[in-house]
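One structure is given below, encoded as structure tokens.
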Amino acid sequence: MNDTGIGARVRRKEDHRFITGKGQYTDDINLPKQTYAYFVRSPHAHATIKSINTAKAKKIPGVVGIFTGEDVAKDKLGGLICGWMIHSKDGSPMKAGPHPVLAQGKVRYVGDHVALVVAETKEIAKAAAAAVQVSYGVLPHVVDVADAMKSKAQIHEVAPDNRVFNWSIGDEAATDAAFRNAAHVTKIDLVNNRLIPNAMEPRAAIGSYDTGSENYTLYTTSQNPHVARLVISAFHGLAPEHKLRVIAPDVGGGFGSKIFIYAEEVACVWASKHIGGRPIKWTAERSESFLADAHGRDHVTHAELATDASGKIVGMKVHTKAAMGAYLSTFASCVPTYLYATLLSGQYNIPAIYAEVDAIYTNTAPVDAYRGAGRPEATYVVERIVETAARELKIDPAEFRRRNFVTSFPHQTPVIMCYDAGDYPAALDKALEIADYKNFGERKSASARKGKLRGIGFSAYIEACGIAPSAAIGSLGAGVGLWESAEVRVNPVGTVEILTGSHSHGQGHETTFAQLVSDRLGVDINNVSIVHGDTDKVQFGMGTYGSRSGAVGMTAISKALDKIEAKAKRVAAAVMEAAVDDVEFKNGSFTVKGTDKKMAFGEVALSAYVAHKFNSAEIEPGLKESAFHDPSNFVFPAGVHICEVEVDADTGVTTVANYVAVDDFGNIINPMIVEGQVHGGIVQGIGQALAEGCVYDKESGQLMTGSYMDYQMPRAADVPSFKLDFTCTPCPSNPLGMKGCGEAGAIASPAAVMNAVTDALGLRDVPMPATPQVVWKAMQPMKKAAE
Amino acid sequence: MENFNYVRPAKVADAVKAMKKAKDGKYLAGGHTLLPTLKQGLAAPTDIVDLSGLKNAGVKVGAKSVTIGAGTTHAEVAGSKDLRKAIPGLAKLAGGIGDPHVRHRGTIGGSLANNDPAADYPAAALGLGATIHTSDRKIPAEKYFTGMFSTALKGSEIVTAVEFPVPKKSGYAKFPNPASLYAMVGVFVAQLADGSVRVAVTGAGPGVFRAPELEAALAKNFSAKALDGIAVKAKGLNSDMHASAEYRAHLITVMAKRAVEAAK
Ligand SMILES: Cc1cc2nc3c(=O)[nH]c(=O)nc-3n(C[C@H](O)[C@H](O)[C@H](O)COP(=O)(O)OP(=O)(O)OC[C@H]3O[C@@H](n4cnc5c(N)ncnc54)[C@H](O)[C@@H]3O)c2cc1C
């Protein structure tokens, strides 16, 4: 192994820049003649807009322009879209209500975008926004997904019962039959709590219009700038793609929330034309991020698991109500369907599964993909019910899982997915060993002596990522294919530029992608640069989410590198006067079989540009190749996480005492970065389980957790030092054998933590987030019973 | 944030004068309560009178009492070696306020003037029977705290120092709000020099208050065991999404026990 190649713990090349404050984020960029935007937002959960009076606000010195839904309509700027068509069980298409860039006639959640105020400074824009007079007619609202179908509030005309779709998957009759013959049925009701993403960098945009070239430019905090350009061109109809450049510079975290095309960014780039082409900058305040970033999760689920007399699972039934919020965000519809119910088989052999999902509007911020997107929700259902079944059947939870594991591959589940490779018992064995499972009883007694309740919980998760094979998802309703593209440019001096459609917003691509090049071409990683995030530079890209940058993005780079190697061989053969087949490439050198002829990679690169060294009628000069890669399957990371908690019975405080994660990510490019991704994911999952809970007030429809005073993020001090390890079954569907690691931690951990909490308390269910108050309340009936 | 006039006088009398002249003035100490409210547009004073020019920071430990200048930061209080010996409960309390940023800017004077119902210092002031020194007078803690965000301070009156009697023993136990880390329930217990016992509770009600039922039990026997089975009533306590009144009532007894166990 080359010490900066695949598998090396290379320090992140980008970190010096970030840690010394030299990153260039959207808000760091300032353009000449720039103006500033502030949005007027709805104070009501649901209301008609009777009138908007901007006269007073427009008189404030320094105000450049004020735009409302009327202006958007006049200009025929298209509304926001949801790019994945889901059909209901009865065949009808999902009911997508209109989502104008600025509200037209109605607002549907607190924070809904009503008007855009542009001014010389942010302060003036904000003051003028406060002076815009909007007269509202308040309507009934509903914020809870469980109640929304029966509510008086009708959020969109197209959906009288607020239901967007009623979708199903699996064989209902076969599942019913399995339940009829079952020896035991376990039932559970679960709430997957709504989360607010909280990327460190809030969303931001600078939109500008060049009156000379008639080109638009949008700087934005995006995980997928090409997709933003495509949507703004094709659906908003702002400008054809060659007249619109989207740049996503350094981006400070996304976790999914920056995949989507939002109203604010579109409004800024659109409005620039209407103020003579002056650039318009908008940077969300943290309070706006809470109100108006797409939220995650928010499911209410009833699940049943049928087992036979030998403790084998024979069937599963799931019904989920999934909140969509007030509008369908860009990928909202695929999250509780194809990213969720297709994973309900977990790591288990389940012959029959049937699931139904009602997607439902509520008067809340839109809900869309958030780290794991559907798969954390699926894992939570599967791993909570499997654990509960094991307890009911009085079978050790590790043993119950082992008894039901899928052990031969490929394995076709009853819910579309075909698992390609894995070794689930191996991960379980390793995790049990590291967690010292056999001595758990002693630790429990030790805790009891201190007055603490100790519990242990498992989560044997599987997820599907490397999103996604285009043909497969196209047949399921996706509006775009999810391949990836890459271009490799070798300079005459032998340095390499990689232009990739993936986008790094914390993942470390500048390092890991360079490691691949270093490994393949023998070039020092410092001689490799990674270019991403600019539609004028990179040919195309589908962006970064769904743990796809490795399995899909790097495979595209790898394919382009294959072509570079092939071309360089031809050049080397010509220069060394040898047959191409006799040229070998290894460790950065070209040699001719059976001779001592040798050329370094850099020399060949130079020769490729000095075209008189070969016949340019036969070989084109230059050394630059591109590739598109469309995966043939999802990739299936899986693993076992074991969590141990201690609950302070006097206060209800839960402490994570021990956390073990054994993951199978296939081949790993940089273990240090992968561990960092797992750490971050586990912390996010612990946050969901014990701390984070987005609350809207039922009565007023206001967001109660609108700041860090009320929304608890997990802190470093709240988590233990994790014990990580890996197993490896290389992924057969990509040449690098990689799976994905970006979401696994957040997918696995909530179930592990809650299984541990319920074990500690001896209760069937404790709702997330299990804050001290929630745990204390859950314990009260137990205490009463004991008295 | 709106524009305002700014002055930074060096003398208490000048600060009072500046405040009297202002249309709608505000004193500024560490700014960790005031500045966020200005930024959110919740307050828009015409004048800011910055008290940092008074240079009255410092912890003076005497045989019978400790006097802390109003401008002393929480970090300075927490870090005072003499205070840690004289009133360990108070030093510990200061070390548990907010986070390091807050502790290095926020001041004891600002905290007591603000009297946030979830602030920590009011528990120590009431629990030890402190005296608040102001530009005009000396106010006993009993009379100083008059309810949620309200104090006995009048108009332009400035807190200049706080005088705490040195107790036999004192301890503080805080159950932080999981999100904000302010006190959801904070209990300060003290056994004063004359042997009397005080228990002051912050975070749980609309303002800091004493818990007579706990004081009575501890006066007989200053030990955590003495509080077994003594329940505080939930009526009148705060109730919000983080903690119901019942949960707060329960936590008062639990935290009181822990404060007694920690008392030195
Ligand atoms: C993130 C965060 C977490 C926090 N956590 C806690 C916590 O856990 N516990 C806790 O107790 N506090 C907490 N605080 C509050 C912190 O302790 C504040 O600093 C303190 O309450 C106010 O002190 P200050 O010096 O910053 O006052 P300022 O903000 O400057 O002033 C506060 C108010 O008091 C007035 N004032 C200030 N000084 C005087 C004076 N000498 N005389 C008369 N009036 C005066 C001002 O006019 C203003 O109205 C937190 C604050 C933040 C931002």
(request) Mind running the shape call on region A:347-455? Use the C-alpha gyration tensor, a ≥ b ≥ c as the square roots of the eigenvalues: rounded below 1.5 for a/c, prolate if a/b tops b/c, oblate otherwise. (result) oblate
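What FRET efficiency comes out for A:I60 versus B:A43 if R0 is 22 angstrom and r is the Cβ-Cβ distance? Round to the nearest 0.05.
Numbers: r = 21 Å, r/R0 = 0.97.
Step by step, r from the Cβ atoms, then E = 0.55.
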(message) Within 9 Å, Cβ to Cβ, of A:D562, how many net charges do the neighbouring residues add up to if Lys/Arg are +1 and Asp/Glu are -1?
(response) +1
(request) State the answer as a single residue: which of A:P43, A:F165, A:M713 lies farthest towards the positive end of the charge dipole of chain A, with beta carbon charges of +1 for Lys and Arg and -1 for Asp and Glu, about the Cα centre. (result) A:P43
(message) Give me a comma-separated list of calculated 3J(HN,Hα) values for region A:59-72, in order, Karplus coefficients 6.51, -1.76, 1.60 applied at θ = phi - 60°, integers in Hz, x for any Gly or Pro.
(response) 6, 5, x, x, 7, 9, x, 10, 10, 10, x, 4, 5, 4
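Could you work out the percent of alpha carbon pairs in region B:5-52 separated by over 16 Å, rounded to a whole number? Could you put the intermediate results ahead of the total?
Details: 381 of 1128 pairs.
Of all Cα-Cα pairs in region B:5-52, 34 percent lie more than 16 Å apart.
Determine the shape class of region B:73-224: with a ≥ b ≥ c the square roots of the Cα gyration tensor eigenvalues, call it rounded for a/c under 1.5, and otherwise prolate if a/b is greater than b/c, oblate otherwise. Before the final figure, lay out the partial values.
Working: a/c = 1.31, a/b = 1.19, b/c = 1.10.
Since a/c stays below 1.5, the shape of region B:73-224 is classed as rounded.
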(request) Tell me the trypsin sites (Lys or Arg not before Pro) within region B:82-164 that lie in a loop according to DSSP and have at most 11 other beta-carbon atoms within 10 Å. (result) B:R137, B:K154
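Tally Lys and Arg at +1 and Asp and Glu at -1 over the other residues with C-beta under 13 Å from the C-beta of A:E497: what net charge comes out?
Working: positive: A:R489, A:K537, A:K624; negative: A:E487, A:E510, A:D534, A:E625.
Surrounding charge for A:E497 is -1.
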(request) On a C-alpha basis, how far is the centre of region B:71-146 from the centre of region A:89-136 in Å? Whole number, if you could? (result) 45
(request) Please identify every one of the trypsin sites (Lys or Arg not before Pro) in region A:129-204 that sits in a loop by DSSP and has no more than 15 other beta carbons within 10 Å of its own beta carbon. (result) A:K152
(message) In region A:524-566, whose amide N lies under 19 Å from the spot 7 Å out along Cα-to-Cβ of A:E584? List them in ranges.
(response) A:565-566
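Can you run the Rg to Rh ratio on the protein assembly as shown? Use alpha carbon positions and the Kirkwood inverse-distance Rh. Could the numbers behind the result be given before it?
Values: Rg = 31.8 Å, Rh = 31.7 Å.
Taking Rg over the Kirkwood Rh, I get 1.00.
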(request) Determine the sum of side-chain charges near B:L126: Lys and Arg each +1, Asp and Glu each -1, restricted to other residues whose C-beta is under 9 angstrom from that of B:L126. (result) +1
(request) Give the shape of region A:502-595 as rounded, prolate or oblate, defined through the alpha-carbon gyration tensor: a ≥ b ≥ c are the square roots of its eigenvalues, a/c under 1.5 means rounded, and otherwise the shape is prolate if a/b is larger than b/c and oblate if not. (result) prolate
(request) Extending each Cα 7 Å along its Cβ direction at A:S135 and A:D176, get the distance between those two points in nm, one decimal. (result) 5.6
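Between A:Q154 and A:E241, what length comes free when the chain is fully extended (0.36 nm per residue of separation minus the Cα-Cα distance, one decimal in nm)?
On the way: separation 87, 0.36 × 87 = 31.32 nm, distance 3.68 nm.
Stretched out fully, the A:Q154 to A:E241 stretch lengthens by 27.6 nm.
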(request) Could I have the simple spin-label model distance between A:L763 and B:D194, label points 7 Å from Cα toward Cβ, reported in nm to one decimal? (result) 4.7
(request) Output the Cα-based Rg and Dmax of region A:138-264 in Å, rounding Rg to one decimal and Dmax to a whole number. (result) 22.4, 75
(request) Take the Cβ-Cβ distance between A:I275 and A:D161 as r, set R0 to 35 Å, and report the resulting FRET efficiency rounded to the nearest 0.05. (result) 0.25
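Let me know the Kirkwood hydrodynamic radius for region A:601-684, please, with Cα pairs as the basis and the value in Å to one decimal. List each step's numbers first, then the result.
Details: mean 1/r = 0.0535 Å⁻¹.
It is 18.7 Å.
If R₀ is 41 angstrom, what is the calculated FRET efficiency for the pair A:T655 and A:A73, using the beta carbon separation as r and rounding to 0.05? It would help to have the intermediate numbers written out before the result.
Numbers: r = 55 Å, r/R0 = 1.33.
According to the calculation, E is roughly 0.15.
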(request) With the Cα gyration tensor of chain B in hand, convert its eigenvalues to equivalent ellipsoid semi-axes via √(5λ) and list them largest first in whole Å. (result) 31, 21, 15
(request) Using a 10 Å cut-off on Cβ atoms, rank the peptides B:27-36, A:730-739, B:248-257 from the highest mean neighbour count down. (result) B:248-257, A:730-739, B:27-36
(request) Could you calculate the contour length gain from B:K154 to B:A63, that is, 0.36 nm times the residue separation minus the distance between their Cα atoms, to one decimal place in nm? (result) 29.6 nm
(message) Under the 0.36 nm per residue contour assumption, what length would be gained going from the current alpha-carbon distance of A:S445 and A:K597 to full extension?
(response) 47.6 nm
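The numbers here are math on the coordinates, done by the rules we state, and not lab data. None of these values were measured; they are calculated from a predicted model. Cβ: placed from backbone, ideal geometry, glycine included. Neighbour counts: every protein chain shown.
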